[in-house]
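Chemist: After the structure tokens below, expect a handful of questions from me.
The values are calculated or read from the model by the stated rules, or taken from the named source; none is laboratory data. This one's a predicted model, so the numbers in the text were calculated from it and none came from an experiment. All Cβ positions, glycine included, derive from the backbone under ideal geometry; neighbour counts span all protein chains shown.
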Protein chains: 2
Amino acid sequence: MRQIIEERTGSHSRHPASSEPHIAHMRFTAHATVLHEGDPARRIMEVVEGAVMLTKLLPDGRRQVVELLGPGDVFGLAACDVYACSAETLTAAIITTHERGALDRDPTLAARLLRRFEAQLCAMHSHALVLGRMSALERVAFFLLRLTPESVVGSTLHLSMTRQEIADFLGLTLETVSRAFSELKRRGLVALLRADEVKIHDHGSMRRLAGAA
Amino acid sequence: MRQIIEERTGSHSRHPASSEPHIAHMRFTAHATVLHEGDPARRIMEVVEGAVMLTKLLPDGRRQVVELLGPGDVFGLAACDVYACSAETLTAAIITTHERGALDRDPTLAARLLRRFEAQLCAMHSHALVLGRMSALERVAFFLLRLTPESVVGSTLHLSMTRQEIADFLGLTLETVSRAFSELKRRGLVALLRADEVKIHDHGSMRRLAGAA
DNA sequence: CGTGATATTGACAAGTCTCAACCTGTGTGG
DNA sequence: CCACACAGGTTGAGACTTGTCAATATCACG
């Protein structure tokens, strides 16, 4: 893809001394673990293709999906020297990685990641609003709209997440998510073709539910 | 309004190469609004001194404090071309601003902001875990530990937020926050000297409650 | 046609919110 | 210097949303 090409050309001979290529592409199947919360944070990663979710765990096993990532999004971050989140693929995915040192050496890379971080930080701000202040029904409506590209209006939306994963993303239980889906269906806002295929019928009402943000 | 008392430009010119002063320092009193969600996003801002909170609103008035910022933290971000959050000072504060264009021109600045964004993104990940998966008591414990610098062990912690602001940060109501404070006091984990002065007695139990993150 | 994983639905419990009353401390004016 | 007023905080009772546990349904696959 375009990004792969840019990466390769952008990275050549920045540091000829280092024999190790600081860019590597990796291909993952769906439901693969890319990295573990708590492991030493060596590299910064970027989704090239596919979908990835970042999760955090509490000692007692409660889980939160903190971010959903698509092409261009960055992960593998660390507040100290270990990864702050685990990362799992939701679909088959291609991921590229950068040495942490490359951020200082390569201003082009830094500029691109900076823009990306800004977008992701804004997404997290929205997510905080969802988690802190929205009802179950509103959360699910928000989730469905978030997955719907602007362009797609009539077509059907494929969820590559189980109810449990959606629940962990929205701070709910899988039962509550299921009930919310049923309620949206009952109200005629969506149609459930299959458990993982949704068609949004009333975009306006969905927007209103989701806070029109 | 009482916000802008004084504005200086480029006082410490650390980048002599650039003749244009793209840095401005501003001094704010406590409880001043620095910027409004939805306004055109012209500049990126950085906290130099003091504390700032970022908030988002739903159409019906529900509010979420999405981030608490201290010295070094960055705000004024936008997913499209308008600010994603409002920003208010919690204490008197000094804030510096950068033109958005400066990010591309000044690699040193970009590198610094990049590191900061990473830290803030990690903080948001933790916050998502708090909002999505923790009980009221756990949230308040987490909040108090988050405000406690590692160094400070015995001294008393000053909250520069009302119960309502804390509640909006933690996704609770002010009553629930108040009850959580009382419960922590009852259990002997903290002492409330005044409504806005807390002393943490049992750091270990607090850590356990907060998920030892 | 079973079998296992995932999803839905129901009944009940628990945690948090809502509404209301009351308390505390700070500052002001008589 | 005291009394009062006001903003913020605490506490209580009951309602409501969501969580928990359990039974049943649906779908993909061998």
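Chemist: Among (1) farther than 25 Å from B:ASP81 by Cα; (2) assigned to a helix (DSSP H, G or I); (3) more than 16 Å from DNA strand D (Cβ to nearest atom), which single condition is A:GLN164 missing?
Modeler: Result: A:GLN164 fails condition (3) only.
Chemist: If you check every pair at least six apart or on different chains, which have Cβ atoms under 7 Å apart with a residue in region A:157-177 that is more than 19 Å from B:HIS125 (Cα to Cα) first and a residue that is within 12 Å of DNA strand D (Cβ to nearest atom) and part of a loop (DSSP other than H, G, I, E, B) second?
Modeler: Sorted first by the residue in region A:157-177, then by its partner, the pairs are A:HIS158/A:ASP196; A:LEU159/A:ASP196.
Chemist: Looking at the structure I just gave you, is B:THR176 assigned to a helix (DSSP H, G or I), among the β-branched types (Val, Ile, Thr) and facing chain A (nearest Cβ under 10 Å)?
Modeler: No, not satisfied.
Chemist: Just to verify a result, which residue in region B:46-56, among those that are within 13 Å of chain A (Cβ to nearest Cβ) and among the aliphatic types (A, V, I, L, M), is surrounded by the most Cβ atoms within 10 Å (Cβ to Cβ)?
Modeler: Residue satisfying both the conditions and the ranking: B:LEU54.
Chemist: Additional query: For region B:180-213, how many residues are part of a helix (DSSP H, G or I) and either hydrophobic (A, V, I, L, M, F, W, C) or surrounded by 16 or more Cβ atoms within 10 Å (Cβ to Cβ) (or both)?
Modeler: Number satisfying all stated conditions: 6.
Chemist: Among the listed residues A:GLY132, A:GLY171, identify the single one that is within 9 Å of chain B (Cβ to nearest Cβ), within 10 Å of DNA strand D (Cβ to nearest atom) and within 25 Å of B:GLN64 (Cβ to Cβ).
Modeler: A:GLY171
Chemist: Would you point out the residue of region B:120-151, among those that are in contact (Cβ under 8 Å) with a residue 24 or more places away in the chain and of a type in the set (Gly, Ala, Ser), that is surrounded by the most Cβ atoms within 10 Å (Cβ to Cβ)?
Modeler: Residue satisfying both the conditions and the ranking: B:ALA141.
Chemist: Can you give me the number of residues within region B:102-129 that are farther than 19 Å from A:ALA102 by Cβ and within 21 Å of the chain's Cα centre (by Cα)?
Modeler: Adding up the residues that qualify gives 9.
Here's the yes/no breakdown for (1) basic (Lys, Arg); (2) more than 28 Å from A:HIS31 (Cα to Cα); (3) within 16 Å of DNA strand C (Cβ to nearest atom); (4) touching a helix residue (DSSP H, G or I) at 6+ places or on another chain (Cβ under 8 Å):
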position: A:ALA110; (1), (2), (3), (4): no, yes, no, yes
position: A:ALA128; (1), (2), (3), (4): no, no, yes, yes
position: A:PHE143; (1), (2), (3), (4): no, no, yes, yes
position: A:VAL177; (1), (2), (3), (4): no, no, yes, yes
position: A:GLY211; (1), (2), (3), (4): no, yes, yes, yes
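Chemist: Restricting to region B:31-61, name every residue that is closer than 20 Å to A:GLY132 by Cα and among the charged types (D, E, K, R).
Modeler: B:GLU37, B:LYS56, B:ASP60
Chemist: If we keep just the residues of region A:58-75 that are among the hydrophobic types (A, V, I, L, M, F, W, C) and within 23 Å of A:ALA92 (Cβ to Cβ), which is nearest to the other protein chains (Cβ to nearest Cβ)?
Modeler: A:VAL66
Chemist: Now, a different point. With respect to B:GLU138, is the statement that it is over 19 Å from the mean Cα position of the chain (by Cα) and assigned by TED's automatic domain parsing to the domain that holds B:GLU175 true?
Modeler: When the stated conditions are applied, B:GLU138 passes them.
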